[in-house]
Structure formats: structure tokens, C-alpha cells
Amino acid sequence: VAIAVHPTLAGRIWLGLSDGRLLMSDTYGTTWELRQSFPSAITGILVHPAIPSELYVLTAKNGVMRALDGGVEFSQQKDSTAKISGGAEISLGALGVHRGTVVLTVVTRAGILTSDDRGESWRVLPLLTSGRQMTAITSFAMAPTNVNRLVYGTATTIVRSIDGGSQWTVVNSP
């Protein structure tokens, strides 16, 4: 289940389900309305903090879908994540805004991908856990006010970047 709340409209919640249904509530979850059905599980919902009508839905097998109208009509982002082997299989994601530019960062089977053009094109970030022995990334976060601060976790390691993912450092974990 993926959940997102509207940053300014009280009561609005989006809910993404494993069967691909995107639901919306304007009543704090008391009632739900079907907004869209996607062909694969929804793994994340990202809402632009300053323009909440701009909504991104992350899917398990079909990449990123974008709506500019609050979730009425979605378009697939030119299948751009699918151009990278394993890139359309998204498990986690984050959205940040840096100097007016939307930065999307997603965790895929191919690793971590980032886009600074609203998902039109993607760049693979180098990881400490890359290569044949890639360990599954189980958690991911981006600082909401600084898109260069990234953190990801595996079953045994926490890794951070302060430069947008160009370099990574293992963090001491408890």
C-alpha cells in the first residue's frame, strides 16, 4: 500500500493498492473514490509540495506515471525508466524541489535512478552496493529541503550521500 496526503487540502488522501488501483479520499479516509487503475502494483505516490496538482505514481512494473491535474489523467513518462534494464520495476521513491526544479529519485531493480526533468529522462546513480552482488535496497529517503541529501538502507547497511548520489558513505548504524 502506498499513501500520500495533500500538502494543503485538509482531508485529501491518495491510496495506491497492490492491484494497481489509485483511490482518493477528501474525507480523511471515511469514503474513497477510484481515480485510476494501473496495470501493476502501485509502490509509491509522490505529490509536488508547492504544486499539489502535480502527482507521480510509481509502479512495480510500468515505471512512473504523472498527472498534472490532481490525479484525473495520467501519462506514462515516455517509458523512460524502461530504457534502463530493470528500471521500470520501481519499489521506492522521493520527490524534492531544488531552485524550482522537480527532482524525482526512485529505487528500482537497476539501482537508484534520478531525474531533474519531471521523469522525462533518468540517470543511474553509482552505489556502494552495485554490481553482481547488489544487495536489495529496502529503504530510501531524500531530504525535502535539500535534494542532494540522500540515504538508503539495505538489510545490514545504511548509506548516505550529501552530493546527490555522486559519492556515498556508510553510516554507523545501531
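The values are calculated or read from the model by the stated rules, or taken from the named source; none is laboratory data. Predicted model, so just to flag it, every value in this text is computed and none were measured. Positions of Cβ are backbone-derived with ideal geometry, glycine not excepted, and every protein chain shown enters the neighbour counts. Ligands, DNA and RNA are stripped out before the accessible areas are found, and what is left, the full protein with its side chains, is counted by its heavy atoms. Shrake-Rupley method; radii C 1.70, N 1.55, O 1.52, S 1.80 Å.
I need the strands (runs of 3 or more DSSP E) fully contained in region 1-107, keeping only those with at least 2 residues that are within 22 Å of residue 144 (Cα to Cα).
Here the list reads 2-5, 13-16, 42-47, 55-59, 64-67, 90-98.
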statement: residue 6: passes all of (1) touching a residue at least 12 places away in the same chain (Cβ under 8 Å); (2) loosely packed, with under 12 Cβ neighbours inside 10 Å but (2)
- prompt: Do we find that residue 97 is touching a residue at least 12 places away in the same chain (Cβ under 8 Å) and either open to solvent by 70 Å² or more (accessible area, probe 1.4 Å) or under 26 Å from residue 45 (Cβ atoms) (or both) in this structure?
  reply: yes
field: Contacts under 8 angstrom Cβ, first residue in region 51-78 being on the phi < 0 side of the Ramachandran plot, partner of a type in the set (Asp, Glu) and open to solvent by 20 Å² or more (accessible area, probe 1.4 Å), 6 or more apart
entry: 53/69; 60/89; 61/89; 67/73; 77/120
- prompt: In region 76-85, is there at least one residue being at pLDDT 95 or above and either open to solvent by less than 50 Å² (accessible area, probe 1.4 Å) or within 15 Å of the chain's Cα centre (by Cα) (or both)?
  reply: no
- prompt: Is it true that residue 67 is under 23 Å from residue 13 (Cβ atoms) and surrounded by 13 or more Cβ atoms within 10 Å (Cβ to Cβ)?
  reply: yes
message: Within region 11-34, does at least one residue satisfy the condition of being of a type in the set (Val, Ile, Thr), closer than 18 Å to residue 74 by Cα and in contact with a Gly (Cβ under 9 Å, 6 or more places away or on another chain)?
response: yes
- request: Filter region 146-166 down to residues that are surrounded by fewer than 16 Cβ atoms within 10 Å (Cβ to Cβ), touching a residue at least 40 places away in the same chain (Cβ under 8 Å) and either within 15 Å of residue 127 (Cβ to Cβ) or of a type in the set (Val, Ile, Thr) (or both), then give me how many there are.
  value: 1
message: Just to check your reading of the model, which residue among 28, 56 is crowded, with 22+ Cβ neighbours inside 10 Å and either of a type in the set (Val, Ile, Thr) or at pLDDT 90 or above (or both)?
response: 56
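Restrict the check to region 35-45 and report whether at least one residue is loosely packed, with under 15 Cβ neighbours inside 10 Å and more than 14 Å from the chain's Cα centre (by Cα).
As a first pass, look at region 35-45 and keep what is loosely packed, with under 15 Cβ neighbours inside 10 Å: 37, 39.
The next check asks that each one be more than 14 Å from the chain's Cα centre (by Cα); those that pass are 37, 39.
Taking every residue of region 35-45 in turn, at least one turns out to be loosely packed, with under 15 Cβ neighbours inside 10 Å and more than 14 Å from the chain's Cα centre (by Cα).
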